[in-house]
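What follows is a set of notes on a single structure, which appears directly below.
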Amino acid sequence: MKSIPARLFSISIALSMATSAICQNPATTSSRQRTDRQGEEAPSTIKGFNGYENFRGMVNSFGSLLKLDSTLGYDFNQYAGVFAGVPLYFANDSSGTPGQTRVHDTGAGDAYFGVEAYAPSSVVNYSTAITVSAPTGSVRKGFSPGKATIDWNNHFRRRFSRLTPFLAAGVGNTVPDSELVTRNFTSLGTVGHFEEGADFQVMRRVYLGGSAYQIVPFGNQQVFNRFETAVPQDGKQGPGPGVPGEQAGGASPGLPSASGNDVTRERGFDAWLGFEPTRVLRMEFGYSRSVTFALNSFSFNVGLNVGKLLRAQGFH
């Protein structure tokens, strides 16, 4: 079984080869130019369609999880837009748990639709998005909780020279993936999610960032693991190390692997290094520490603004 550094190195090499052709002609850009639909800055004043591709990966002691997220959006103006998309997951469970029946899983997640609004100002840049997901993914594989979900997310940013502090706060009926971390699980149940951090522009095209995050559940929670763990290390039902609610024997197909009022509560911190070789491409490499579950994860994120790339090539 490969170690975490070995798996991360292999993935990084593949990414470098796949993106080298795009990076040969860098264009002038700010270090905070976003290439995904989760960006907190207002889109350009161009009205019309936009396309975004994000390829994210996460590696920890449980295995590796890749997520290809394709999004199509339409901007009415620089203040409002809509978007829709569907993620594709590639899961590899390397925990080596006795009794394991699945090691590799691939499949689509839940299709989603959302509306977003921007309110830029000299005091603070504010953005908000409401995202609704339909239960189109596989519950058995942990790619869907089996019911519709909704999330309302808010971002506040203010730039001070090279330093850009930010605050994010949201509420929904599922624990969302963050821009840096694709989680080991999906869930059902009301939660509040918060993140406080900052980006620092080291030099042109290169930035560092760090943040703290908290997941606060309200009421009953159901957890669907994306990695199957048939027998936990302690052999008991309930939360185990690294992922909420591991339980003996694993969950039956279509049923949650754990439930309870506090199983999704979590706090931790993230750190990342970002590089923007062009105005349409962004690459990030990160580290995440879940203090609650004593879990270390390494991740990458490659974002491509397909709409802006096509417009640069003369397509409108």
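Derivation of every value follows stated rules applied to the coordinates shown; laboratory data play no part. Given the structure is predicted, the values throughout are model-derived calculations rather than measurements. Counting neighbours? That spans all protein chains shown, and the Cβs are built from the backbone with ideal geometry, glycine included.
Computed about the Cα centre, the dipole magnitude for segment 96-226 is approximately 280 debye when only Lys and Arg (+1) and Asp and Glu (-1) carry charge, each at its Cβ.
If the chain linking residue 90 and residue 117 were pulled fully straight, counting 0.36 nm for each residue of separation and taking away their Cα-Cα distance, it would gain 6.6 nm. Taking θ as phi - 60° and the Karplus parameters 6.51, -1.76 and 1.60, the scalar couplings of segment 185-201 work out to 8, 10, 8, 10, x, 5, 9, x, 10, 9, 8, 10, x, 7, 10, 10, 7 Hz in sequence order, x denoting glycine and proline.
If a paramagnetic tag sat 7 Å from the Cα of residue 158 along the Cα-Cβ line, which residues of segment 122-139 would have the backbone N under 12 Å from that point? Of the residues in segment 122-139, 122-126 have backbone N under 12 Å from the label point off residue 158. Close amide H pairs (under 5 Å, H built 1.01 Å from N) link residue 202 with 207, 208, residues at least 5 positions away or on another chain.
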